[in-house]
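Notes follow once the structure below has been shown.
Just so you know, all these numbers are worked out from the coordinates, no wet-lab data involved. Only a predicted model underlies this, so the values are computations on that prediction, with no experimental measurement involved. Cβ: placed from backbone, ideal geometry, glycine included. Neighbour counts: every protein chain shown.
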Amino acid sequence: MSEATKSKACLAIIVLLLAVIAAGAYKFIIAGSVEKAEDGRLAVVLAPGERALILKEMRGFVSGIQQITDALARDDMKGVAAAARQLGRGAAKDVPAALIGKLPLEFKTLGFSVHGQFDQIADDAEKTRMARVTLGQLADVLQKCVACHSAYQFRAAP
């Protein structure tokens, strides 16, 4: 085999490997593991344990929002901050990378944004101590919850 043929073969292998890497990156970073659901939303297909983890996190959001609103009703801004901090970015640190790879980019963007907003709510509750500001921030978070639930459902893989 000539040097030119070897070079062409190596180049072809490199191009093929780059295409495989690009396809994997697209699937892992952007597309996720989704299919069209009967109701028009995207169904994110996960292993049963992964689905349970996502749903547990969402129940945690509902519980945390209840704690925040309860603290707001009592004008307890320290309670607001404590409840919001539990829902911040730190809460997302234990999500396995394999699960994150199955989530579509828009869902990941919404999710990480919501966690960040809870950190901001906690910071502002400690600094400004203004319930009206917190209520506005909470309304923004809830709008993202509505958008997410309108766009996605979670289905366990068979």
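Some points to look at:
- For the stretch 44-115, trypsin sites (Lys or Arg not before Pro) are listed when DSSP marks them as loop and at most 12 other Cβ atoms sit within 10 Å of their Cβ; the list is ARG74, LYS93.
- Between the listed residues THR128, ALA91, ALA139, the Cα displaced farthest toward the positive end of the dipole of the chain, a dipole computed from Cβ unit charges relative to the Cα centre, is found at ALA91.
- Tilt relative to the chain, helix 131-151 - C-alpha long axis, 0 to 90 degrees, to 10: 40
- Within the same chain, aspartates and glutamates fewer than 8 places from LYS108 are excluded, and of the rest, those with a Cα less than 18 Å from its Cα are GLU35, GLU50, GLU57, ASP94, ASP119, ASP140.
- Computed FRET value (nearest 0.05) for SER63 with ILE14, which takes r as the C-beta separation and R₀ as 41 Å: 0.20
- Over 18 Å [Cα-Cα, the chain], rounded percent: 65
- Order by protection proxy (mean Cβ within 10 Å, highest first), peptides 61-71, 37-47: 61-71, 37-47
- The reciprocal of the average 1/r between distinct C-alpha atoms defines the Kirkwood hydrodynamic radius, which for the stretch 84-158 equals 13.5 Å.
- Amide hydrogen neighbours beyond the local backbone of TYR152, cut-off 5 Å, H modeled: LEU42
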